[in-house]
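Student: Could you have a look at this structure, given as structure tokens, before my questions?
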Amino acid sequence: MRLQGKVAVITGGASGIGRATVLKFIQEGAKVVIADMNLTQAEAVAVEVDSLGFPGAAVAVRTDVSAYGDVEAAVALAVETFGRLDVIFNNAGIAGGKALLDHDPEVDYAPMIRVDQDGVYYGILAAGRQFRDQGTGGVIISTSSIYGEQAAELSFTYSAAKAAVISFTRSAAYELAEFGIRAVAITPGRVGTAIINQFSEELRTTFASEQLRNKMTEPDEIANVVAFLASDESNVINGTVVHVDDGYSSFKQRLD
Ligand code: NAD
């Protein structure tokens, strides 16, 4: 119960890494606002939480992280429903992309930046203000990606947004330390979620081989790390990146 008494907003909590983190946080004693574009799926996760024996421990709200007002409203809902906010997990994101010279900027740049980059900025801002006003400190965890530190095929915009998440994390940790607020970014590698499952089986096999244990990461393996980062046990991890990529970023090629 390392998150006993803590209240969290988890964006993108209806699916994949976000959903696994909602379930982990609840099991560790937290209360959670599931903030997701997909309200039906977010509500289904809240029902799942009830059925696991934690009635009312999670509430769902339709949130588009690319709108500051929506993110502010999710933070306000946490305070109204559970009395405070201790953690925000800025995790909602979209993936995909085209070769740079095929870009239509209106389609292939701006919309993804609005979700993957602006959405994290809004989460940091809204939660940071709440933590300051509460005077309690808080933790900001944001989902970057291995692509935030590397160039990759068809990922010009995604890589830019995910690099910004790392930069935001460093700056937020620096600026908000005086309020007792920590900020950490995570960089998942290949996680078996909807984002990855849209690709062919052949490509998914290749993705798995890019990690040292030759398997795709499960969402709950990421959730375990996020729960640790949200807890007081990790209080010296601040303004930095935690690689949750099963070695992806540490090796180049297998010889077999
Ligand atoms: P997912 O598609 O299962 O979950 C993403 C969730 O975000 C969905 O519930 C979706 O409804 C929500 N969402 C999308 N746009 C939104 C918006 N504008 N406002 C609010 N919610 C929105 O995918 P996932 O793999 O769990 O992705 C979670 C995060 O992890 C993303 O930021 C993604 O970029 C990152 N990531 C994933 C992988 C991977 O291999 N799966 C690797 C690196 C990073």
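The values are calculated or read from the model by the stated rules, or taken from the named source; none is laboratory data. If you're wondering where the values come from, they're calculated on a predicted model, not measured in any experiment. Cβ sites come from the backbone with ideal geometry, for glycine too, and all protein chains shown count toward neighbours.
Student: Since Ala172 meets every condition but one in (1) more than 16 Å from the ligand (Cβ to nearest atom); (2) assigned to a loop (DSSP other than H, G, I, E, B), which condition does it not meet?
Tutor: Of the numbered conditions (1) more than 16 Å from the ligand (Cβ to nearest atom); (2) assigned to a loop (DSSP other than H, G, I, E, B), the odd one out for Ala172 is (2).
Student: Here's something else I'd like to know. From the list Glu178, Glu221, pick out the single residue that is among the charged types (D, E, K, R), within 13 Å of the ligand (Cβ to nearest atom), free of Cβ contacts under 8 Å to residues at least 40 places away in the same chain and under 30 Å from Met1 (Cβ atoms).
Tutor: On the way: Glu178 fails: within 13 Å of the ligand (Cβ to nearest atom).
That would be Glu221, the only listed residue that is among the charged types (D, E, K, R), within 13 Å of the ligand (Cβ to nearest atom), free of Cβ contacts under 8 Å to residues at least 40 places away in the same chain and under 30 Å from Met1 (Cβ atoms).
Yes/no matrix, rows are residues, columns are (1) over 21 Å from Gln198 (Cβ atoms); (2) of a type in the set (Gly, Ala, Ser); (3) at pLDDT 95 or above:
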| site | (1), (2), (3) |
| --- | --- |
| Asn90 | yes, no, yes |
| Gly96 | no, yes, no |
| Tyr109 | no, no, yes |
| Ile141 | yes, no, yes |
| Thr157 | no, no, yes |
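Student: Would you say Ala161 is in a helix (DSSP H, G or I), of a type in the set (Gly, Ala, Ser) and within 11 Å of the ligand (Cβ to nearest atom)?
Tutor: Working: in a helix (DSSP H, G or I): yes; of a type in the set (Gly, Ala, Ser): yes; within 11 Å of the ligand (Cβ to nearest atom): yes.
So Ala161 fits the description; yes.
Student: Sticking with this structure for a sec: Given the options Ser145, Ser209, Ser155, Ser171, name the one that is among the polar types (S, T, N, Q), touching a strand residue (DSSP E or B) at 6+ places or on another chain (Cβ under 9 Å) and in contact (Cβ under 8 Å) with a residue 24 or more places away in the chain.
Tutor: Values: Ser209 fails: touching a strand residue (DSSP E or B) at 6+ places or on another chain (Cβ under 9 Å); Ser155 fails: touching a strand residue (DSSP E or B) at 6+ places or on another chain (Cβ under 9 Å); Ser171 fails: in contact (Cβ under 8 Å) with a residue 24 or more places away in the chain.
Residue meeting the stated conditions: Ser145.
Student: Name the residues in the range 199-211 that are within 21 Å of Ile186 (Cα to Cα) and either within 13 Å of the ligand (Cβ to nearest atom) or at pLDDT 95 or above (or both), would you?
Tutor: Selection gives Phe207, Ala208, Glu210, Gln211.
Student: Oh, and also: For the range 224-249, give me the residue count where each residue is under 20 Å from Ala151 (Cα atoms) and without any contact (Cβ under 8 Å) to a residue 12 or more places away in the chain.
Tutor: Residues flagged as under 20 Å from Ala151 (Cα atoms) and without any contact (Cβ under 8 Å) to a residue 12 or more places away in the chain within the range 224-249 amount to 0.
Student: Have a look at Tyr174, Tyr158 and point out the one that is over 27 Å from Gln27 (Cα atoms) and crowded, with 16+ Cβ neighbours inside 10 Å.
Tutor: On the way: Tyr174 fails: crowded, with 16+ Cβ neighbours inside 10 Å.
Every option except Tyr158 fails the conditions.
Student: Picking from Phe82, Phe54, which residue would you name as being closer than 19 Å to Asp220 by Cβ and more than 16 Å from the ligand (Cβ to nearest atom)?
Tutor: On the way: Phe82 fails: closer than 19 Å to Asp220 by Cβ.
After ruling out the rest, the residue left standing is Phe54.
Student: Can you go through Gly148, Gly192 and tell me which one is within 21 Å of the chain's Cα centre (by Cα), within 12 Å of the ligand (Cβ to nearest atom) and under 26 Å from Ala30 (Cα atoms)? Step through it out loud before you land on a result.
Tutor: Numbers: Gly148 fails: under 26 Å from Ala30 (Cα atoms).
Of Gly148, Gly192, the one residue that is within 21 Å of the chain's Cα centre (by Cα), within 12 Å of the ligand (Cβ to nearest atom) and under 26 Å from Ala30 (Cα atoms) is Gly192.
Student: Inside the range 1-117, counting only strands (runs of 3 or more DSSP E) that do not spill past its ends, which hold 1 or more residues that are free of Cβ contacts under 8 Å to residues at least 60 places away in the same chain and either buried (at least 20 other Cβ atoms within 10 Å of the Cβ) or under 18 Å from the mean Cα position of the chain (by Cα) (or both)?
Tutor: Values: elements: 7-11, 31-36, 58-62, 87-90.
Per the criteria, 31-36, 58-62.
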